[in-house]
Amino acid sequence: MIKVRLSSLLRQATGWQEIVEVDARTPEASLRSIEARFPGLRRWMYDKEGKMWDRLQLFLNGKRIGRDELSTPMQEGDELYVLLNIGGG
Amino acid sequence: MPTYTAKILEIDLSSGNIAAAELDEDTVRRFIGGSGLAAKLFLDRVSPDVDPLSPENVLFFMAGPLAGTGLPGSSRFTMSCKSPLTGIWGEGTGGGNFAPALKRAGYDGIAVRGASDRPVMIAIEDDKAEIRDASTLWGKDVYETIDLLAGGAQGKKKPKILCIGPAGENLVKFAAIANGKDAFAARTGGGTVMGAKKLKAISVVGTGKVEGAFPDELKALRKETTKKVSENIIAQSLGAMGTIMALDVSGPLGDIPTKNYSLGDPGEMAVKVGGGVMTQRYLTRPEACEACPIGCKRVVKVDEGPYRVEEGPGPEYETATAFGPLLMNDNMPAVLKLSEKVNRYGVDSISCGAAIAYAMECFEKGLISTADLDGDSLRWGNVDDIFAMLDKIVFRKGLGDVLAEGTRAAAKKIGKHSEDFTCEVKGLDSPMHDGRALHGMGLAYAMSNRGACHLQHLDLALESNWCAYPEVGLNGGYVGMESEGKAEVVFKSENLGMLTNACVICQFNFLALSVTDLVDMMRFATGFDYDLDELVACGERIWMLKRGLNNLMGVTAADDRLPKRMMTPFKEGGAAGSIPDMEKMLKEYYAFRGLDAQGRPTKERLDALGLTRLAEKLY
């Protein structure tokens with residue numbers, strides 16, 4: 001299983017669940033899996049055309065990954081941190 | 001110029017004279033309103049050599065030409081004067097409801113000069129204005145003052161209040177001005193100038209109507225832009241969790257100032273005082289300024305424990321960080337209580353947090369001792385120590401009296417190379433963002449006309465890719481920890497920042513809009529046939545005017561720099577090893593801006609912008 005950790009705003013859509021375990025093997029599949037389980041996440045992750053928001057940032061085992069690394073193979077126990085980079089003033 | 005009343009209410013607290021000064025069309029078209037128009041009026045009426053706390057300093061409270069129209073984010077006000085904290089141009093903006101009420105009363109702004117020998121307030125009710133005794137209010141905190149002045153009335157007759165708290169009365173150099181209990185023009189010490197003038201409060205009741213030049217077009221634009229803001233994902237997220245959400249997400253990016261800007265990774269400490277915890281455990285409801293579809297304000301309550309907080313305004317990101325990770329404090333109820341005290345005292349949470357952080361580092365390094373603290377300690381993360389020092393600063397007790405002068409002055413007094421523990425530019429303490437994580441922000445701090453600031457421009461939003469303005473060449477896709485291309489981003493985003501503070505529109509609302517939307521707002525509201533080029537040129541003109549005022553107040557190229565602390569790379573965290581290439585960015589920036597080697601606007605650029613009076617003073 002893969003651990004998907006969500007930043008606080010996203011947790012509002014999971015009933016404040018911070019870590020969601022998914023059976024997936026890439027970051028992209030992990031995102032699709034959590035979105036299917038918690039449909040309220042969709043608007044925070046994708047625009048109306050289904051394109052991932054620029055400010056959605058992903059960290060695989062603590063290292064930031066780009067949009068071209070969504071197919072990176074993941075291993076059992078890996079953690080994908082999904083962070084919606086908004087706030088501050 | 002229909003939404004302009006073309007009147008500034010001029011009040012001399014020394015003589016008691018009250019008069020309305022007329023504004024001419026050319027001036028308002030070129031300097032717009034808010035802090036832009038205030039800078040022009042300051043240039044014409046006040047000596048740059050003025051002592052900030054003397055009666056001769058003039059304090060401007062300004063609305064913008066969009067206030068009262070119901071356009072999204074149009075209800076902010078600005079405060080401007082020569083700053084007692086920095087000794088240069090000072091300004092701040094606050095949300096709330098004062099500006100629309102002032103417009104409805106018939107004024108674009110208020111200019112206060114002179115000083116009273118006893119506490120007074122200014123009461124405005126439409127075309128009537130008077131100076132009243134405020135002896136019974138002196139000594140009251142912000143919440144008490146608001147309740148006493150606005151508690152009973154309802155509806156249109158309910159006054160909208162600006163006031164200071166004990167920090168302003170005690171001339172703490174970074175005292176804030178409150179609009180209600182939850183909106184503050186906090187930076188650069190406008191509240192201190194009110195205190196020096198013995199001006200406790202201004203109340204305004206406005207029952208008139210603000211009419212745009214093209215009412216039907218304005219109404220349609222209001223509907224369209226409100227919808228745009230409401231549907232924008234950034235605006236929605238700010239409404240959902242407030243600005244404090246940044247504490248949950250900026251840690252991995254290296255953009256949460258921790259332990260006086262010395263650590264690059266706050267770890268779980270930031271999350272413990274962040275938006276998730278506040279929303280889950282302490283939020284009672286969100287709140288919005290007048291005419292705002294976002295509602296980023298938080299109302300909180302702490303029911304139990306040692307830090308109970310009555311239901312009231314919760315902290316913004318800046319306050320929660322300045323009294324959280326900056327001081328190594330991860331106690332959320334304590335942060336909420338400290339935020340309430342900061343509000344009640346009427347003090348700038350950024351500069352106050354920075355002063356305590358500076359002193360904590362001095363204590364840690366042995367530069368000050370328990371003897372200097374009247375037997376107390378000042379330990380990182382120790383909540384009791386933080387509460388005690390906050391009180392000492394506001395009431396100028398012991399070392400607090402030194403810190404109340406600001407970190408630059410305190411470091412001069414304490415000496416021992418303690419300036420290395422300050423993190424200020426031109427005397428204004430850095431906000432809770434870091435030039436090592438966002439290189440453009442580093443340049444923007446160095447060049448901001450009020451000292452280190454994150455709101456004199458739109459760099460934070462642009463470098464974070466929350467928005468883009470392709471109409472002016474700000475196309476997005478920026479990388480925070482790169483210096484390449486950032487001089488142009490900062491130059492252009494400053495011009496837009498000057499516009500947001502002159503049109504006086506909330507930057508969060510503006511993130512969802514285009515520059516063309518702002519042009520349309522201004523055309524339909526004022527009737528001026530602005531196009532995009534003319535409006536952006538107004539932004540550039542206003543920036544240059546403030547820079548020129550600063551030159552007259554002593555600013556040179558040597559002041560355009562980042563503090564040593566922010567030029568020291570982190571060993572850990574998301575921005576480890578990163579420092580902005582200031583030499584490169586400054587060189588490129590000076591060329592974009594048209595500054596000479598001494599840091600003055602070139603005469604050619606001033607002439608091109610029609611700033612001939614400023615050019616005469618500078619050359």
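The values are calculated or read from the model by the stated rules, or taken from the named source; none is laboratory data. Since the model is a prediction, treat every value here as computed from it, not as a measurement. We place every Cβ from the backbone using ideal geometry, glycine too, and count neighbours over all the protein chains shown. The area values use the complete protein model at the heavy-atom level, side chains included, leaving out ligands, DNA and RNA. Shrake-Rupley method; radii C 1.70, N 1.55, O 1.52, S 1.80 Å.
Averaged over residues, the count of other Cβ atoms within 10 Å places the peptides A:18-28, B:241-251 in the sequence B:241-251, A:18-28, highest first. Per residue of peptide B:240-250, the mean number of Cβ atoms on other chains within 10 Å of the residue Cβ is 6.
Between A and B, roughly 2200 Å² of accessible area is buried in total, ligands, DNA and RNA not counted and the probe set to 1.4 Å. Rounded to the nearest whole Hz, the Karplus-based 3J(HN,Hα) values (6.51 cos²θ - 1.76 cosθ + 1.60, θ = phi - 60°) of the stretch B:273-280 follow the sequence 10, x, x, x, 5, 5, 5, 5, with x at glycine and proline. Membrane-span-like helices of chain B, defined as complete DSSP H segments with a Cα extent of 27 Å or more along the helix axis and a mean Kyte hydropathy of at least -0.5, are identified as B:532-552. Entry for the stretch B:489-577 at q = 0.12, 0.16, 0.18 Å⁻¹: log10 I(q)/I(0) = -0.55, -0.79, -0.88, Debye formula applied to identical alpha-carbon scatterers, no solvent contribution.
Normalised by the number of residues in chain B, the mean separation of alpha-carbon contacts (under 8 Å, six or more apart) gives a relative contact order of 16 percent. So which residues of the stretch A:68-87 lose at least 10 Å² of accessible area, probe 1.4 Å, when you go from the chain by itself to every protein chain present? Relative to the lone chain, where solvent access is computed with a 1.4 Å probe, the stretch A:68-87 loses at least 10 Å² at A:81, A:83, A:84, A:85, A:86, A:87. Since only B:518, B:454, B:468 are under comparison, the one whose Cα sits farthest along the positive direction of the charge dipole of the stretch B:441-618, derived from C-beta charges on Lys, Arg, Asp and Glu, is B:454. In a reduced charge model with +1 at each Lys and Arg Cβ and -1 at each Asp and Glu Cβ, the stretch B:441-618 shows a dipole moment near 800 debye about its Cα centre.
Computed over protein heavy atoms with a 1.4 Å probe, the carbon and sulfur contribution to the accessible area of chain A reaches 47%. Calculated FRET efficiency, residue B:369 to residue B:144, Cβ-Cβ distance, R0 = 56 Å: about 0.95 to the nearest 0.05. The charge dipole of the protein assembly as shown, taken about the Cα centre with unit charges on the Cβ atoms of Lys, Arg (+1) and Asp, Glu (-1), comes to about 800 debye, rounded to the nearest 20.
Where only DSSP H runs of four or more residues are counted, chain B gives -11000 deg cm²/dmol as its mean residue ellipticity at 222 nm, each run worth -39500 (n - 2.57). Normalising the average separation of contacting C-alpha pairs (under 8 angstrom, six or more residues apart) by the number of residues puts the relative contact order of chain A at 38 percent.
Determine which residues of the stretch B:191-214 fall in the zone a paramagnetic label at residue B:127 would reach in this model, i.e. backbone nitrogen under 18 Å from the point 7 Å along Cα→Cβ. Under 18 Å, as judged by backbone N against the label point of residue B:127, lie B:205-211 of the stretch B:191-214. Run the quick spin-label model on residue B:596 and residue B:211: label points 7 Å from Cα toward the beta carbon, then report their separation in nm to one decimal. Label-label distance for residue B:596 and residue B:211, simple model: 5.0 nm. With protein chains left intact and a 1.4 Å probe, residues in the stretch B:7-205 average 29 Å² of accessible area per residue.
Measure off, as a whole percent, the carbon and sulfur share of the 1.4 Å-probe accessible area of chain B, all protein chains present. Summing carbon and sulfur atoms, their accessible area is 48 percent of the total for chain B.
Expressed in units of 2.2 N^0.38 Å, where N is the residue count, the Cα radius of gyration of the stretch B:7-205 is 0.92.
With q set to 0.05, 0.06, 0.09 Å⁻¹, the log10 of I(q)/I(0) for the protein assembly as shown, from the Debye formula over equal scatterers at the Cα positions, is -0.22, -0.31, -0.74.
From most to least packed by mean Cβ count within 10 Å, the peptides B:147-155, B:111-119, B:171-179, B:80-88 give B:171-179, B:80-88, B:111-119, B:147-155.
Projecting the alpha carbon convex hull of chain B along each direction and taking the average yields 24.1 nm². Dipole magnitude for the stretch A:2-84: computed about the Cα centre from +1 point charges on Lys and Arg Cβ and -1 point charges on Asp and Glu Cβ, it is near 300 debye.
So if each residue of separation counts as 0.36 nm, and I subtract the Cα-Cα distance between residue B:117 and residue B:617, what length gain in nm does that give?
Computed gain between residue B:117 and residue B:617 is 176.6 nm.
Cross-link check: pairs B:259/B:413; B:160/B:259; B:297/B:546; B:412/B:571; B:40/B:209; A:63/B:412 evaluated at a Cα-Cα cut-off of 32 Å; pairs beyond the cut-off: B:160/B:259; A:63/B:412.
Over the stretch A:2-84, give the accessible area per residue in Å² for a 1.4 Å probe, as an integer.
For the stretch A:2-84, the solvent-accessible area averages 49 Å² per residue.
Tell me what chain A gives for mean residue ellipticity at 222 nm when only DSSP H runs of n ≥ 4 count, each as -39,500 (n - 2.57), the sum divided by the residue total, rounded to 500 deg cm²/dmol. Each step should come with its number before you reach the end.
Details: 3 runs with 19 residues, N = 89.
Computed mean residue ellipticity for chain A: -5000 deg cm²/dmol.
Simple spin-label estimate for residue B:25 and residue B:44 gives 1.6 nm between the two label positions (7 Å along the Cα-to-Cβ direction from each Cα).
Computed over protein heavy atoms with a 1.4 Å probe, the accessible surface of the stretch B:386-499 works out to 26 Å² per residue.
Simple rule: put +1 on each Lys or Arg Cβ and -1 on each Asp or Glu Cβ in the protein assembly as shown, find the dipole, and look at A:86, B:422, B:90; the Cα lying farthest toward the positive end is B:90.
The listed residues B:372, B:517, once ranked by accessible area (1.4 Å probe) with the largest placed first, stand as B:372, B:517. Burial here means at least 30 square angstrom less accessible surface with every protein chain in place than with the chain by itself, probed at 1.4 Å; in the stretch A:9-37 the buried residues are A:9, A:12, A:16. Stokes-Einstein diffusion for the stretch A:1-87, with the hydrodynamic radius set to the Kirkwood value over Cα pairs and evaluated at 10 °C in a medium of 1.306 mPa s, equals 124 µm²/s. Show log10 I(q)/I(0) for the stretch B:223-361 at q = 0.13, 0.15, 0.20 Å⁻¹, two decimals, from a solvent-free Debye sum over equal Cα scatterers. The computed values of log10 I(q)/I(0) come out as -0.55, -0.72, -1.16.
Projected label points at residue B:220 and residue B:262, each 7 Å from Cα along the beta carbon direction, are separated by 6.1 nanometres.
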